[in-house]
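Have a look at the structure below before the remarks.
Please treat every number below as a calculation from the coordinates, not as lab data. Since the model is a prediction, treat every value here as computed from it, not as a measurement. Positions of Cβ are backbone-derived with ideal geometry, glycine not excepted, and every protein chain shown enters the neighbour counts.
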Amino acid sequence: MTFIGIIGGSGLYNLLSNQKSVEIETPFGKPSGKIEIGKINGVEVAFIPRHGKNHTIPPHRVNYRANIWALNSIGVKRVIAINAVGSLKEEMKPGDIVIPDQFIDYTRRRELTFYDGPEVYHISMADPFCPHMTKIFTEQARKEGIACHGSGTYAVVEGPRFSTRSESKMFRQFSDIIGMTLVPEINLADEMSMCYSVIASVTDYDVWADKPVDAFEVMETMKHNEVKVTKLLTDSLPKINGERICNCSRRLENAKA
Ligand SMILES: CSC[C@H]1O[C@H](OP(=O)(O)O)[C@H](O)[C@@H]1O
Ligand SMILES: Nc1ncnc2[nH]cnc12
């Protein structure tokens, strides 16, 4: 059986009832909080709130290396990330779910890798997300009648500020959704040869639409979406819990310089 890790984003800080929690020190410092371990729908999972239990860690200060290292250290092979995102496309409406399959990285000052030398690795990011989990989430969402987009490009910005109108119009040309936390979380999970997939909740129309987004709008929409996201996750977990049939575990092959 493969142990599954869930990283909760804005609005998702508690997922497990009857959990035990473990505190893990890593070579990169402390993760965002204790890792909670418990069962959802019969499946063992480890949960960590990305921004801390009380949302005290902004996106550019999340210790992504510690979070991924800690999950890997307890045997997690698959990571499911939950994210709040802005929409850059009319048809991706607030309340919809997007399972992205690509990203563009506009971050500027983050620790992007576990390989800072002397070992040098250049992993392939042509297909950065786990195709198997992406398919399961998309099919499950359709079955449940949830408005879900099974692909999309996530523009990752540095934050913590939101975009200007000009930036938003530029991002719109190349991407479908926007957020602040996918990178370097996905780089690091991929470097650990983990499977990584995102369930993104659209919370707003960013700032290209008439009314520019604010944090209150994001948090309110996430509150409304929480039940939907949790149900999608809960119902999908047993389908994810088998042997890995994708190529994510082979990311380090041919990657060493
Ligand atoms: C609370 S507004 C902006 C904040 O929400 C998203 O967080 P997450 O991806 O962890 O759900 C976004 O990326 C920003 O960090
Ligand atoms: N419009 C937006 N821009 C950046 N991050 C977000 N997270 C949620 N909505 C966002």
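Show me the helices of the chain, taken as full DSSP H stretches, that run 27 Å or more along their long axis by Cα and average -1.0 or above in Kyte-Doolittle hydropathy.
Taking the DSSP H segments of the chain (at least 27 Å long, mean hydropathy at least -1.0), we get 215-240.
Translational diffusion coefficient, Stokes-Einstein: compute it for region 211-257 using the Kirkwood radius over C-alpha pairs as Rh, at 10 °C and 1.306 mPa s, and state it as an integer in µm² s⁻¹.
109 µm²/s
Sticking with the crude label model, points 7 Å out along Cα→Cβ, report the distance from residue 91 to residue 56 in nm, one decimal please.
Each label point lies 7 Å from its Cα, and together they span 4.4 nm.
Need one number: nm distance between label points at residue 125 and residue 39, each 7 Å from Cα along Cα→Cβ, rounded to one decimal.
Rounded to a tenth, the inter-label distance reads 3.8 nm.
For the chain, what is the charge dipole size about the Cα centre, in debye to the nearest 20, if Lys and Arg each add +1 at the Cβ and Asp and Glu each add -1 at the Cβ?
With Lys and Arg at +1 and Asp and Glu at -1, about 320 debye.
Which entries in the list 211/239; 34/228; 34/211; 39/89; 34/93; 34/231 go over 32 Å, if you measure between the two C-alpha atoms of each?
Flagged as over cut-off: 211/239; 34/211; 39/89; 34/93.
Using the alpha-carbon centroid of each, what span in Å lies between region 190-240 and region 136-183?
Distance between centres, Cα-based: 9 Å.
In terms of modelled amide H atoms, which long-range or inter-chain residues lie less than 5 Å from the amide H of residue 104?
When sequence neighbours closer than 5 places are left aside, the close amide H contacts are 154, 155, 156.
Extending each Cα 7 Å along its Cβ direction at residue 169 and residue 113, get the distance between those two points in nm, one decimal.
Going from the residue 169 label point to the residue 113 one covers 3.7 nm.
Length gain on complete extension for the stretch residue 102 to residue 18, per 0.36 nm per residue less the alpha carbon to alpha carbon distance?
Gain on stretching residue 102 to residue 18: 26.7 nm.
Which one of 87, 245, 162 is farthest out on the positive end of the charge dipole of the chain, using unit charges on Cβ (Lys, Arg +1; Asp, Glu -1) and the Cα centre as origin?
245
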